[in-house]
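Novice: Please see the structure below; I have some questions.
Laboratory data are not the source of any read-out in this text; all were calculated from the coordinates shown. The shown structure was predicted, so the numbers you read here are calculated from the model rather than taken from an experiment. Here Cβ is always computed from backbone atoms with ideal geometry, including for glycine, and neighbour counts include all displayed protein chains.
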Amino acid sequence: MKSPNVSLARGRAARAAVWLLAGALPAALAQHAAAQGVLPPEVVQALTRANVPESAVAMVVAPLPPPPGAVGHAAAGAAPAGERSASAAPPALPMPRLAWQPDVPMNPASVMKLVTTYAGLDLLGPTYFWKTRVYTQGYISNGVLNGNLLIQGSGDPKLVVERLQELIAAIRDKGVREIRGDILLDNSVFRLPPHDAAAFDDDPLRPYNVGPDGLLVNFKALILKFYPDVATRRVRVETEPPMAGVAIPAEVPAANGACGNWKSRLAADFTQPTQVTFSGRFPLSCGEQTWGVAYVDPASYAPRVFEAMWRGAGGGLSGQVKWADRAVTGQPLITGFSLPLTEIIADINKFSNNVMAQQLFLTLSAAGDRHGSFAESRNTLARWWRQRFGVRATPVVENGSGLSRSERVTAASLTALLQQAAGSPNAAVYEQSLSIAGIDGTARRLRARNPNSDAIGNATLKTGTLRDVTAIAGYAYGRSGAKYAVVGLINHPNAPAARPALDRLVEWAVRDAP
């Protein structure tokens, strides 16, 4: 007869195994944190200097699962999402080295892009392309389209000037040199509420506040480049892209003195859709500079750009470039393809491009010639999360970019996502989309804060910053040869001053001392 204590112990062990396999990692993380008791001293010191309490912080450092094929390893993420039952238990993941408040929902700022981009890779596939389709309404004769040209978007996140040039060249190669009709633009693939660019921080001219669009052209941004000539004391102004009906000065007056806040010294006025003015001067000491602003009238941006570029390529147009006011069809002429998703997520994560992240998020519900919306993409992501992560806390997503006051995720959920992504078929693509600490992307600034940081070149990270949020998440390579998922979230009015605490967290993971 077995001892009651032995039976109880075995029962507890069995229940614990089932508990983990049922997806109870958050509770396990909390228990492990209690056993550890404290954050690393260097992290605590950095928080103290920033006057941020430990209660405003969530941090996890956890080993990655063994590689696929290792003994006892279930290849997390190896099966397509659609092939796993929504009630299926996710595989057990390694216990963390550090878990501090892992189950507290936190605003992750741009770190939320990790959720959006991994969902995109898993649901759409790394070779996914967006298609911009061009149709004709009428007949073509001797280079003349007698009728309308229709350009239909599918949500391409990076339909920039160079690719518009390729699209226009392809249209001309198909024999259309003049259009005796209109150019109709169709962005109906996304069903979107009205976008208020000033709503987030009352700064509507910041490019990061641009709203998504089914036919997003060049991020709806106007790029101004200033080229000072000391000898002639003239400052040449070049702009991109060309915009029909918008007057922009070709030169601005020069000024002496230190560069300082050169944008303010220019005294620019961007409030009028048809003209940009400068009532100030540009300091010669600044050298060449670039200034990107969101165009003040986003609804007219794409029509103005298409018209200017079509005419600039030698194309004739008797009518207007305008938005189609109803569903229209025509004869297929050409299809333009986006960059592959692998390149899109690199831009999203390395450079924290908000509107590109929102375009991808909307595509989760629009792929397959459907109409996408924020609400339906939230439903799509929630279903995917349950299939992949079981009962682990589902992120609260507003638009998928992190440019939100309401988005929330736990450090435990982000850790599980990073661990699973590391064992998926898209692991290399996903990690390569992150910034290398101190080297490139948004994580390059770590080097300026600490040129001798152990993290430089030894971590791949996504950073996040809002007024009261500072965050990082990604992977760290330990000196021992181990690799870790690292998550640090700080929500506090002094959060921006606590960025060094996140640096210390990554460095602690890299050193991986007991």
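Novice: The list (i) 207; (ii) 174; (iii) 155 gives values of volume of the Cα convex hull per residue in Å³, and only one came from this structure; which label was calculated from it?
Specialist: Answer label, from the structure shown: (ii).
Novice: In deg cm²/dmol and to the nearest 500, what is the mean residue ellipticity at 222 nm of the chain if only DSSP H runs of at least 4 residues count, each as -39500 (n - 2.57), divided by the residue total?
Specialist: Working: 14 runs with 159 residues, N = 514.
For the chain, the value works out to -9500 deg cm²/dmol.
Novice: Follow-up question, since we're still on this one. Could you rank the peptides 110-117, 153-160, 322-329, 142-149 by their average count of other C-beta atoms within 10 Å per residue, with the highest value first?
Specialist: The peptides rank, most packed first, as 110-117, 153-160, 142-149, 322-329.
Novice: Check cross-link reach from K322 to the lysines: straight Cα distance under 29 Å, and skip same-chain residues fewer than eight apart.
Specialist: Excluding near neighbours in sequence, the set is K131, K158, K174, K220, K225.
Novice: Here's something else I'd like to know. Taking amide H positions as placed 1.01 Å from N in the peptide plane, with prolines and chain starts having none, which residues 5 or more places from K483, or on another chain, fall under 5 Å of its amide H?
Specialist: L64, G478
Novice: If you don't mind, there's one more thing I want to ask. Just to check I understand the Karplus step: with θ = phi - 60° and J = 6.51 cos²θ - 1.76 cosθ + 1.60, what whole-Hz values come out for region 441-446, glycine and proline as x?
Specialist: x, 6, 7, 5, 5, 4
Novice: In the chain, what % of DSSP beta bridges are antiparallel (nearest 5)?
Specialist: Expressed as a percentage, antiparallel bridges in the chain total about 80.
Novice: Listed highest first by mean packing, meaning other Cβ atoms within 10 Å per residue, what order do 496-503, 265-272 come in?
Specialist: Listed from highest to lowest mean packing, they are 496-503, 265-272.
Novice: Please give the length that would be gained between E178 and T277 if that part of the chain were fully extended, namely 0.36 nm times their separation in residues minus their C-alpha to C-alpha distance (nm, one decimal). List each step's numbers first, then the result.
Specialist: Values: separation 99, 0.36 × 99 = 35.64 nm, distance 3.34 nm.
Additional length available on full extension: 32.3 nm.
Novice: Classify region 207-294 as rounded, prolate or oblate, taking a ≥ b ≥ c as the square roots of the eigenvalues of its Cα gyration tensor: rounded when a/c is under 1.5, otherwise prolate if a/b is larger than b/c and oblate if not.
Specialist: Here region 207-294 falls in the prolate category.
Novice: Quick check: from the Cα gyration tensor, does region 340-428 come out rounded (a/c under 1.5), prolate or oblate?
Specialist: Rounded.
Novice: At a Förster radius of 35 Å, what calculated FRET efficiency corresponds to the Cβ-Cβ distance of D440 and D201, to the nearest 0.05?
Specialist: 0.85
Novice: How would region 283-410 be classified by its alpha-carbon gyration tensor: rounded, prolate or oblate, with rounded meaning a/c under 1.5 and the a/b versus b/c comparison settling the rest? The partial results should precede the final answer.
Specialist: Values: a/c = 2.41, a/b = 1.38, b/c = 1.74.
Oblate is the answer for region 283-410, as a/c is 1.5 or above yet b/c matches or exceeds a/b.
Novice: Can you grab the distance from the C-alpha centre of region 438-514 to the C-alpha centre of region 278-318, Å, no decimals?
Specialist: That distance is 38 Å.
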